[in-house]
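All remarks here apply to the structure that follows.
Read-outs: derived from the displayed coordinates by stated rules, not from any lab. Bear in mind the structure is a predicted one, so any value in this text is a computation, not a measurement. Reconstructed Cβ throughout: ideal geometry from the backbone, glycine too, with neighbour counts over all protein chains shown.
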Amino acid sequence: MVLPRPTEWHTPFQALRDLINQSNWMRTVFYHVENTPASRLNASDLAAALSMSVRSLNRRVQRDSPYSCGQLMRRIKLNHVSDELISTTKPVSVVSHELGFSDDTSMRRSFRQVAGMTPKAYREAFG
């Protein structure tokens, strides 16, 4: 089941909306990253899915966004976490597991580094 996206995007994920609207290629990147479990996400698999070399993928991502390929993949997955936190009442550990993170603690740490707050605080602020 696919949930509708929240109508408002919240910082630090607002910049991703501009990237999605930038090109069909970037939308394809988002699609593949969102549909790959976080624990299996890597640049070589993404490059293969996009029929390009890892080097070409890295250059294209850096040209079309303010992020490296790894940073972009991480932000896309964490944006997916933020969508779930806002639109559902699932426990954070369930969200982490459903999105394919191998370790709940590392997902929480990454989310806090990018969003500037814990997943629980984010849900309370925007959910």
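Quick rundown of the values:
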item	result
Gain in span if fully extended, Ser56 to Ser87, counting 0.36 nm per residue against the direct Cα distance	7.6 nm
Separation in nanometres of the label points that stand 7 Å from Cα toward Cβ, at Asp45 and Arg112	2.7 nm
Size-normalised alpha-carbon gyration radius of the chain, reference 2.2 N^0.38 Å	1.02
Extension gain, Arg17 back to Asn35 (0.36 nm per residue minus Cα-Cα distance, nm)	4.7 nm
Surrounding net charge for Ala48, when Lys and Arg each add one and Asp and Glu each subtract one, Cβ distance under 15 Å	+2
Gained length - Glu98 relative to Thr28, 0.36 nm times residue gap less alpha-carbon distance	23.1 nm
